[in-house]
Amino acid sequence: MAARLAGVTHKRLTLLLVLDNVGATASGACTGRVLLGLKKRGFGQGKLNGFGGKVEAGETVAEAAARELEEVNAILQFATILNPSLTVEQ
């Protein structure tokens, strides 16, 4: 584990990279695309980024990542309504 600096507070964060399985190889390696979002505020505003967020109190990193993925999936499902040519597989 990395050393911690005295007096510095640390936030636990998740970062998800959503991969498109189109063109996956026989071994399962993804040869498709990575879904990125446009950062709307804060550090990196206006830049493309993966999805993620803060780990909430009482939540494990895995639970936080799953929650973030559910939020991204809801956005993707809504996007397919707006643009029927998009496909989302679960």
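Details
- Checked against (1) open to solvent by 90 Å² or more (accessible area, probe 1.4 Å); (2) of a type in the set (Asp, Glu); (3) modelled with pLDDT of 80 or more, GLU68 passes all but condition (1).
- Within the stretch 32-51, the set of residues being in contact with a Phe, Trp or Tyr (Cβ under 9 Å, 6 or more places away or on another chain) and either among the basic types (Lys, Arg) or open to solvent by 70 Å² or more (accessible area, probe 1.4 Å) (or both) comprises just one member, LEU36.
- Selection of the stretch 44-75 for residues being touching a residue at least 40 places away in the same chain (Cβ under 8 Å), part of a helix (DSSP H, G or I) and not β-branched (Val, Ile, Thr) yields ALA64, ALA65, GLU68, LEU69.
The values are calculated or read from the model by the stated rules, or taken from the named source; none is laboratory data. Treat the numbers as computed from the prediction; the structure is a model and nothing was measured. With ideal geometry, Cβ positions are generated from the backbone for all residues, glycine too; neighbour counts draw on all protein chains shown. With ligands, DNA and RNA removed, areas are computed over all heavy atoms of the protein, side chains included. Shrake-Rupley method; radii C 1.70, N 1.55, O 1.52, S 1.80 Å.
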